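Taking it in order: structure first as structure tokens, then the write-up.
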Amino acid sequence: MATTEPLYGFVKGLPSGIDPIPLSAIGQQGWNVLREDLPLPLAVLKRDAIEHNSRWMRRFLELSGARLCPHGKTTMSPQLFQRQLADGAWGITLATMQQVRVAREFGIPRILLANQLIGPSSIAYIAGELAADPAFEFYCLVDSVAGVDLLVESLRRHNAKRPLNVLVEVGITGKRCGCRGADEALTVARAASAASPWLALRGVEGFEGVISGATPADRDEQVRRFLAEMVEVARRCAAERLFATGSVLITAGGSCFFDLVTEGLRDIGVPDVELLVRSGCYLTHDSLVLQRYYEQLLERSAAARGLGEGLRPALEVWSYVLTRPEPTRAVLSMGKRDVSFDADLPAPLWWFRPGRDTKPVPIPPNCVVSGLNDQHAMLDLPADSPLAVGDMIGCGISHPCTTFDRWQFLPIVDDWYNVVDGVRTYF
């Protein structure tokens with residue numbers, strides 16, 4: 001369905017008036033973004049950057065001994081999920097049942113729900129999927145005895161044919177889900193282990209990405225302490241023989257600190273451990289917040305520095321200069337409905353004048369996006385800037401997750417902005 005489901009001209013980013021077209025035929029249309037074959041604003045994915053990032057992460061994981069279970073919520077694109085699995089990903093991480101249903105619709109065989117499984121309809125759906133497909137593997141989190149009891153009650157009511165794999169979640173005081181402290185985690189782990197045959201305790205999970213500090217060094221030390229607590233929980237569970245038969249999973253690692261995770265959770269002294277990192281943003285990276293985190297990662301990790309050129313931004317949003325209403329202000333044709341703004345405002349990178357230029361050039365200096373409305377961006381620039389109405393501006397973004405969710409369709413382009421493919425998203 002990912003490649004045969006038709007796209008229509010009313011989908012944002014596609015030319016109006018086109019006949020319904022399957023996604024698999026997008027790269028055969030001869031479209032070029034700079035030739036204005038597609039309407040702006042337009043979010044694009046750069047093929048060569050994606051391929052480079054994929055290779056970089058594979059090399060990093062080979063050095064670290066970890067496996068990748070990327071967070072699918074970043075893109076919610078089954079095509080990109082399949083690419084990650086083809087690259088060797090252990091499975092796909094998801095956060096909500098809607099996301100799980102999308103992944104199953106497209107045949108994803110192994111899913112980690114990095115969240116609690118709550119609600120009778122959701123539990124019934126998972127029980128049904130496990131019964132219908134013996135090859136399907138599903139894992140979710142537990143962080144309370146009440147949550148364990150709820151799962152057991154529902155699974156017993158549905159006469160589940162296979163145990164539900166669960167990981168005890170270690171959390172952080174004052175933050176979101178997860179057991180507060182190792183002792184509480186052990187209490188939950190014991191309850192989950194005792195809930196056989198309905199549940200199977202398969203490992204320990206945490207998410208360090210919510211940790212902050214007064215300085216990067218302080219934050220990194222807090223991350224290391226948190227990872228040490230996860231290790232303590234895993235060791236105590238192993239000592240009490242709480243884990244079910246099979247590999248023990250230990251997993252953390254968003255897109256900011258996966259180097260610390262591979263260091264802190266490697267060689268933890270528990271037999272048959274599989275370390276999973278869950279970075280979802282590595283594939284597209286970004287131009288701002290993740291780039292800053294990546295530069296800090298390079299300072300910490302000699303292994304990462306040894307891999308040569310690092311991650312490249314692969315996601316851009318292009319728009320027109322609509323007007324220059326004041327000498328130091330241009331207004332662009334993109335806004336909050338088109339680009340993320342939860343971490344940083346977009347960063348102007350490229351300038352292209354249709355009819356004059358053959359390729360984009362770096363945007364003149366001192367051009368800054370200072371604000372967004374729903375459909376407009378305020379670009380502050382020097383009074384003598386040559387930018388003119390009708391020029392095309394390519395912006396880098398900050399935080400891919402909240403740009404992807406504004407687009408049902410994103411073209412994949414080569415270095416000359418020829419459209420060579422496209423992806424669908426399902427948010």
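The values are calculated or read from the model by the stated rules, or taken from the named source; none is laboratory data. Model, not experiment: these values are computed from the prediction. Counting neighbours? That spans all protein chains shown, and the Cβs are built from the backbone with ideal geometry, glycine included. The accessibility values were calculated without ligands, DNA or RNA, using every heavy atom of the protein model including side chains. Shrake-Rupley method; radii C 1.70, N 1.55, O 1.52, S 1.80 Å.
Summary table
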{"item": "Between region 78-108 and region 136-157, the Cα center-to-center distance that results, in Å", "result": "22"}
{"item": "Shape category assigned to region 61-210 from the gyration tensor of Cα positions, a/c cut at 1.5", "result": "oblate"}
{"item": "Nearest-ten-degree value, helix 120-132 long axis tilted from longest Cα axis of the chain", "result": "80"}
{"item": "For region 347-364, 3J(HN,Hα) per residue [Karplus equation, 6.51 cos²θ - 1.76 cosθ + 1.60, θ = phi - 60°, Hz, x = Gly/Pro]", "result": "10, x, 10, 10, 10, 9, 9, x, x, 10, 8, 9, 7, x, 10, x, 5, x"}
{"item": "Theoretical gain in end-to-end length, Gln98 to Asp48 [0.36 nm per residue, Cα-Cα removed]", "result": "14.9 nm"}
{"item": "Relative pair counts by distance (%), Cα atoms of region 1-149, 10 Å bins", "result": "9, 30, 30, 22, 8, 1"}
{"item": "The chain - share of DSSP beta bridges that are antiparallel (%, nearest 5)", "result": "50"}
{"item": "³J(HN,Hα) computed for each position of region 297-303 - Karplus, 6.51 cos²θ - 1.76 cosθ + 1.60, integer Hz, glycine/proline x", "result": "4, 5, 5, 7, 10, 5, 4"}
{"item": "Prolate/oblate/rounded call for region 328-427, Cα gyration tensor, a/c under 1.5 rounded", "result": "oblate"}
{"item": "For Ala43, residues with placed amide H under 5 Å, excluding near neighbours", "result": "Trp318"}
{"item": "Gain upon complete extension [Gln29, Arg176; 0.36 nm per residue less C-alpha separation]", "result": "48.3 nm"}
{"item": "Percentage of interatomic Cα-Cα distances in the chain larger than 43 Å", "result": "18"}
{"item": "Global form of region 37-124, assessed from the alpha-carbon gyration tensor, a/c cut-off 1.5", "result": "oblate"}
{"item": "Where Rh is the Kirkwood radius over Cα pairs, Rg/Rh for region 219-288", "result": "1.04"}
{"item": "Heavy-atom accessible area ranking, 1.4 Å probe, most first, across Val368, Val420", "result": "Val368, Val420"}
{"item": "Distance between modelled label sites at Tyr8 and Ser196, nm, 7 Å Cα→Cβ extension", "result": "5.3"}
{"item": "Value at 222 nm in deg cm²/dmol, rounded to 500, when DSSP H runs of n ≥ 4 in the chain each add -39,500 (n - 2.57)", "result": "-9000 deg cm²/dmol"}
